[in-house]
Amino acid sequence: MPKKRLPRELWSNLRREIWLRDNGQCQSPLQPPLCIGKPMIPLNECHIDHIKSGKLGTNERDNLRVLCPVCHALRADRRHQGLTAKLLRKGIIPSNWRELVWE
């Protein structure tokens, strides 16, 4: 997530634009059944991931992609620790999740 958040309405429009560009499909290298975003994730369930996050990240379109919640949680980014913990508690990601982390 970049340093500065977009206003809600602008972010909502950008989310939809990225979702349409990516055909509503998860852009991670993980495959089903682990990845739940292939062939398509509804807009209200998808995550828009910042490829480069933190202070160096931006909300530019080429820095954004659609991910399903599982792939987003398993992406190698310390900022996803809360999401990973939440999905572990719900039993959505397996206990061996560290072996599945991707860049």
Dipole magnitude of the chain, debye to nearest 20 (Cβ charges: Lys/Arg +1, Asp/Glu -1, about Cα centre): 420 debye
Derived scalar couplings ³J(HN,Hα) [the stretch 38-53; Karplus, 6.51 cos²θ - 1.76 cosθ + 1.60; whole Hz; x for Gly, Pro]: 10, x, 7, 10, x, 3, 6, 10, 7, 10, 9, 9, 8, 4, 9, 10
So how far apart, in nm, are the two label points at LEU14 and ASP62 if each is 7 Å from Cα heading toward Cβ? 1.6 nm
Paramagnetic reach from LEU6 in the stretch 46-90 [backbone N under 20 Å; point 7 Å along Cα→Cβ]: 46-69, 72
Residues ASP77, ASP62 in order from fewest to most other beta-carbon atoms within 10 Å are ASP62, ASP77
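Please give the contour-minus-distance gain from VAL101 to ARG21: 0.36 nm per residue of separation, less the Cα-Cα distance, rounded to one decimal in nm.
Numbers: separation 80, 0.36 × 80 = 28.80 nm, distance 2.50 nm.
Between VAL101 and ARG21, full extension yields an extra 26.3 nm.
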Rg and Dmax of the stretch 8-100, Cα atoms only, in Å: 13.0, 38
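Throughout, read-outs are computed from the coordinates displayed, never taken from laboratory work. It should be emphasised that the depicted structure is a prediction, and the values quoted were computed from it without experimental measurement. Here Cβ is always computed from backbone atoms with ideal geometry, including for glycine, and neighbour counts include all displayed protein chains.
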